[in-house]
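Student: Structure incoming, see below.
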Amino acid sequence: MDPDRPEEGGGLMGVISRTWTWLTTGAHWSGPDGVWHRLAEHLELTAVCLVISCVVALPLAVVLGHTGRGGALAVNLSNAGRAVPTFAVLVLLTLGPLGAYEPWPTVLALVLFAIPPLLTNAYVGMRQVDRGVVEAARGMGMSGRQVIGRVELPLALPLVMTGVRSAAVQVVATVSIAAMVGGGGLGRIITAGFRLTDTAQVVAGALLVAALALLVEGVFVALERYLGRRRRRRGTAPGPGPGPGSDEAAGSTSPVPNEWSAA
């Protein structure tokens, strides 16, 4: 937008009208600077950061939650990292030796930003598993790995998924700052709008980022509900029956879910 040209309409309604016009103009959606291309960059960067964060945080949280040792310290340290602004971390990494290897400064900054909710929720979920159920599984002869995979992790899954959802939404919303250091994504639409003093483009870019974050939130909520329904359908089943001559008659049951009783 030419700053010397008077804007069409004034006030809030004028901004809304021009933003709608920008969003409904086909030329803004195609080409290397178009919305579809920037959206693909945004999703690619989000997926890479989220996968790396999950690979780093979830196994650590599961092990710490299983053993109960050092978990509180790890969670507190990761949460303390939230006090450091992501943009400040990104700028420092970009100005350092890693800056020559774009987009890795952005990836590393966003991974550090995504780890706290993943680590915290997974650790808390593992620690909140009923210790009686865990001891019952061990009494059935399960190894440590079997207890994690068949008992603790399935029961902790709702909180684990909540952490993944929170991290995904945060990363989607924060990937936009990559544009401040020359990265891709929908943030480039916003920075270009500032450069052109085009308020409508800035607002349109912000709306696209917000809509994508809400969409990602909805997808993960639907996934959590699907996994919850599937888990409820599997229900519970009788555990291994008492041995011959046992004082406990037939009909005794165990709170251990179906898939555990196979052990």
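Student: Which ranges mark the helices (runs of 4 or more DSSP H) fully within the stretch 114-221 that have 2 or more residues being at pLDDT 90 or above and of a type in the set (A, V, I, L, M)?
Tutor: 153-174, 187-195
Student: In the stretch 1-100, which helices (runs of 4 or more DSSP H) lie fully inside it and hold 3 or more residues that are modelled with pLDDT of 90 or more?
Tutor: Helices (runs of 4 or more DSSP H) meeting the threshold: 11-23, 35-67.
This table checks each residue for (1) open to solvent by less than 50 Å² (accessible area, probe 1.4 Å); (2) not aliphatic (A, V, I, L, M).
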{"position": "144", "(1), (2)": "yes, yes"}
{"position": "153", "(1), (2)": "no, no"}
{"position": "174", "(1), (2)": "yes, yes"}
{"position": "186", "(1), (2)": "yes, no"}
{"position": "216", "(1), (2)": "yes, no"}
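Student: If you go through the stretch 66-117 one residue at a time, how many are farther than 29 Å from residue 128 by Cα, free of Cβ contacts under 8 Å to residues at least 40 places away in the same chain and hydroxyl-bearing (Ser, Thr, Tyr)?
Tutor: 1
Student: Write out, first by first residue and then by second, each pair whose Cβ atoms fall under 8 Å of each other, whose residues are 6+ apart or on separate chains, and whose first residue, in the stretch 153-169, is under 14 Å from residue 47 (Cα atoms) and β-branched (Val, Ile, Thr) while the second is open to solvent by 40 Å² or more (accessible area, probe 1.4 Å) and at pLDDT 90 or above.
Tutor: That search, which allows pairs on different chains as well, returns 169/217.
Student: Here is a follow-up. Residue 11 fails exactly one of the following numbered conditions: (1) over 30 Å from residue 76 (Cα atoms); (2) open to solvent by 60 Å² or more (accessible area, probe 1.4 Å). What is the number of that condition?
Tutor: Residue 11 satisfies every listed condition except (2).
The values are calculated or read from the model by the stated rules, or taken from the named source; none is laboratory data. None of these values were measured; they are calculated from a predicted model. Cβ sites come from the backbone with ideal geometry, for glycine too, and all protein chains shown count toward neighbours. Please note that ligands, DNA and RNA were not included when accessible areas were found on the heavy atoms of the full protein model with its side chains. Shrake-Rupley method; radii C 1.70, N 1.55, O 1.52, S 1.80 Å.
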